[in-house]
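Working notes for the structure below.
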Amino acid sequence: MSLYKRGDLWWVKLYRDGIPIYKSTKKTDRREAQRLHDIWAGELRQDTFVANADRVRYEELVEDLIRHYQNTEGRKLVEVNTRLKHLNPFFRGTRAARIDVSLVSKYVEQRKANGAANGTINRELGLLTRLFTLALENRQLTQVPGVRKLKEPPPRQGFFEHTQFEAVRRLLPLDLQVAVTVAYTLGWRTQSEVLTLRHHCLDLEAETLRLDPGTTKNDDGRLVYLTPELKTLLSTQSERVKALERKLKRIIPWLFPHLPGAHISRRLVGTQRKDFRKAWAPACKQAG
């Protein structure tokens, strides 16, 4: 390794496996440049030196993060992409080394101004931190910026009493009455476990309903035996979907697809239903 001057700045010439690497110290003072020289010399000996950390852009880290989840945790990609829809427009085009506490604080200010809840912002900041820790593991960067999480409200307390559940359920469309009954009876997550159910998950002869491995929060599969009420409701729901298949003349794999209705776009009929908040919120309000 050696120091040399290029213009007003001091540069360092390093060797890794006999190959020269040239890196600017961005210093005009020789003593400060020598300090960086010594730091980088130590990193080279420990094989932790990163030559171009100041050139890596945010978009490169995002590509690596998505590739990581595709290879190891594909089920989380939907959630990752949801968070990136907000992170990308703000940080796109920024060098990763310039993303610090100050810039992250500006992002938080923008998200709060747009009405995002603290919990939502914290999930996005968590993904940003994961982005940098992965880059650190891949030796693209030398440090992770400080990220200060926001205070979140305490978890909601209490239970949805059975009388309250019945009052809301009867105000929902018939297919959604089945979906919420599955969630209420089995304790399954509505969006990620109930609405993602496919026809092959239901076995009316064996009176079972199952979640395939990789579709639950811990990625384990799950098999339950149906109560008489659930068996009747799911049998009726299955017939609704089969009738829609005959009408559309195509196979519908989902157990809870969008069904024809006054407020349902024709292009959505037969596709997977992702949530039903537009039906749930008015039903809760009407039920008091």
Using only the alpha-carbon atoms, what does the chain span along each of its principal axes? Please give whole angstrom values in decreasing order.
81, 40, 35
Cut-off under 28 Å on the C-alpha distance; same-chain residues fewer than 8 positions from residue 27 excluded. Which lysines are left, in chain and number order?
5, 13
Could you line up 8, 38 from fewest to most neighbouring Cβ atoms inside 10 Å?
8, 38
For a quick check of your reading of the filter: which chymotrypsin sites (Phe, Trp or Tyr not before Pro) in the stretch 97-194 sit in a DSSP loop and have no more than 15 other Cβ atoms within 10 Å?
159, 160
Filter on 149/278; 85/274; 149/285 - keep pairs with C-alpha separation over 23 Å
149/278; 149/285
Looks like the stretch 58-137, by Cα gyration tensor root eigenvalues a ≥ b ≥ c and the a/c under 1.5 rounded cutoff (else prolate when a/b is bigger than b/c, oblate otherwise), is oblate
Ranked from fewest to most other Cβ atoms within 10 Å of their own Cβ, 211, 268 fall in the order 268, 211
How high is the relative contact order of the chain? Use alpha-carbon pairs under 8 Å, at least six apart in sequence, and give a whole percent.
12 percent
CD proxy, 222 nm, the chain: helix-only mean residue ellipticity via -39,500 (n - 2.57) per DSSP H run with n ≥ 4, per residue, nearest 500, stands at -15000 deg cm²/dmol
Which helices of the chain meet both criteria: a Cα extent of 27 Å or more along the helical axis and a mean Kyte-Doolittle score no lower than -0.5, with helices taken as whole DSSP H segments?
118-137
Alpha carbons only, please: Rg and Dmax for the stretch 162-287, in angstrom.
14.4, 40
Is the C-alpha gyration tensor of the stretch 81-121 telling us rounded, prolate or oblate? Criteria: a/c under 1.5 is rounded; beyond that, a/b larger than b/c is prolate, otherwise oblate.
oblate
What spacing in nm lies between the two simple spin-label points modelled at residue 281 and residue 205, each 7 Å away from Cα in the Cβ direction?
4.5 nm
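No value in this document is a laboratory result; all are computed from the given coordinates. Just so we're clear, the structure is a prediction, and the values are computed from it rather than from any experiment. Note that each Cβ is placed from the backbone with ideal geometry, even for glycine, and that neighbours are counted across all protein chains shown.
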